[in-house]
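One structure below.
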Amino acid sequence: MKRRVTVLVFIGMLLSSLACGIQLAPQTEPPLATSQAVLLPTSEAPPSVASPPAPAQALPSGSADLAGLYELANSGVVTIWSFEHQGSAEVESLPTGQGSGFVIDREGHIVTNQHVIAEAVEIEVDFVSGAKAWAELIGTDPDSDLAVLKVDLPADQLSPLPLGDSDLVRVGDFVVAIGNPFGLSGTMTLGVVSAIGRSLTSERAAPGVNRIFSAGDLIQTDAAINPGNSGGPLLNLEGQVIGINRAIQTESFTVDGSAANSGVGFAVPVNLLRRVVPNIISNGQYDYPYLGISSLNDERWNLKTIEELGFTTSTYGAYITEVVPGGPADRAGLRAGERETAIPGLLAGGDLIIAIDGITVRQFDDLLSYLFKKTEVGQEITLTIIRDNQEVELTLTVGPRP
């Protein structure tokens, strides 16, 4: 049975992505970096959503009873088998990938990662109780890498997990992951929240050549997650889902090519699930907020770059490198760099976004997180920018990703 791993390679690119913006590949192809972000696969073989009913018992607030947490939460975690055609469509499909998921309501809806079932022609869901069911694919969202399945089982056989509030997550909070790493179902691991507001490339290409939209506001954790954990829950110590495990960054691979945990994992925040999943269930899709800009990669915001762009050394923000013609940013009058500098590929004269709706933007990830958490398509926002050494405010109407 194969292991399917999609690799997102961090290549130190000049331009960073925006959901609101886009990820641009560099004009010349640099050597691969040693560190890779890996979508945790498959180990081989209304506008907001309310929290679903909690299990009959709940852990006391602040409890560190990990065994009790596991007993309550594990019954809501499922194993997902992806069946794909082998060679010809006439050939019987076989189980080729395995991932994780969890129950969100007593109607039979289950959340997992989109990449877990991306090529599936049939989907099997296995429960801790021993029950197995074929699942209907309700819809997917490649931008957040989420998918919604539905099984036909009696409500009393379903144990929905309660949803927490990812806006309350703090760096240093203890978290646990439950899933099926390497096919070992029901595995729980413990760690902490290592960072918040991270961004990765999404699963959807943007219009144009070598362009990929971003997924933002991700939770970083050192809880051990590996292939097969994809789509499983990341929980706080009260047993509430705060994230959906999605990817790891790693430099290590097993002998069969599977990614190995290195203590840097990423989870989709549950508050994004609250926005996306109801829209998938009711409309089959979710429209992401979009500005139509590209920004200088945060890693390139160093003193050399700042000096070449003519800013003071204490300047911060998201520097605009491209404005998509006809997009929301273009209509609002935002500008990208046009003048050549001593740094190849870096153009001066672009706007620097330093705040959105009065909230400070210190780096690109801040802008991305705010857009995902606080804005919707059609909403008016105010951007504070630095242009020609002057602070300027512009009003912009958020559009949908094309």
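State whether one or more residues within the range 111-124 are among the β-branched types (Val, Ile, Thr), in a strand (DSSP E or B), closer than 27 Å to residue 401 by Cα and assigned by TED's automatic domain parsing to the domain that holds residue 231. Checking the range 111-124: at least one residue is among the β-branched types (Val, Ile, Thr), in a strand (DSSP E or B), closer than 27 Å to residue 401 by Cα and assigned by TED's automatic domain parsing to the domain that holds residue 231.
Taking the range 349-362 as the range and being surrounded by fewer than 17 Cβ atoms within 10 Å (Cβ to Cβ) and not acidic (Asp, Glu) as the test, the residues that pass are 349, 358, 359, 360, 362.
Can you confirm whether the range 156-163 contains a residue that is buried (at least 18 other Cβ atoms within 10 Å of the Cβ), over 30 Å from residue 289 (Cα atoms) and assigned by TED's automatic domain parsing to the domain that holds residue 278? Yes. Only one residue in 177, 215, 195 is at pLDDT 90 or above, within 18 Å of the chain's Cα centre (by Cα) and either over 23 Å from residue 65 (Cβ atoms) or surrounded by fewer than 24 Cβ atoms within 10 Å (Cβ to Cβ) (or both), so which one is that? Going through 177, 215, 195 in turn, the sole match is 195.
Among the listed residues 110, 138, identify the single one that is of a type in the set (Val, Ile, Thr) and closer than 21 Å to residue 72 by Cα.
110
Condition test on residue 257, is it modelled with pLDDT under 80 and either basic (Lys, Arg) or not assigned by TED's automatic domain parsing to the domain that holds residue 346 (or both)?
Yes.
Any residue at all in the range 382-395 that is in the same structural domain as residue 303 (by TED's automatic domain parsing) and within 20 Å of the chain's Cα centre (by Cα)? No, the range 382-395 contains no residue that is in the same structural domain as residue 303 (by TED's automatic domain parsing) and within 20 Å of the chain's Cα centre (by Cα). Scanning the range 220-247 for residues that are touching a Pro at 6+ places or on another chain (Cβ under 6 Å) and assigned to a strand (DSSP E or B), we see that the one that is surrounded by the fewest Cβ atoms within 10 Å (Cβ to Cβ) is 241. Checked against the criteria, residue 73 counts as in contact with a Pro (Cβ under 8 Å, 6 or more places away or on another chain), modelled with pLDDT of 90 or more, within 21 Å of residue 173 (Cβ to Cβ) and outside any loop (DSSP other than H, G, I, E, B). Residue 159 meets the conditions (1) under 20 Å from residue 104 (Cβ atoms); (2) among the hydroxyl-bearing types (Ser, Thr, Tyr); (3) outside any loop (DSSP other than H, G, I, E, B); (4) modelled with pLDDT of 95 or more in every case but one. The failed one is (3).
The values are calculated or read from the model by the stated rules, or taken from the named source; none is laboratory data. Since we're looking at a predicted model, the values are computed, not measured. Neighbour counts run over all protein chains shown; Cβ positions are idealised from the backbone, glycine included.
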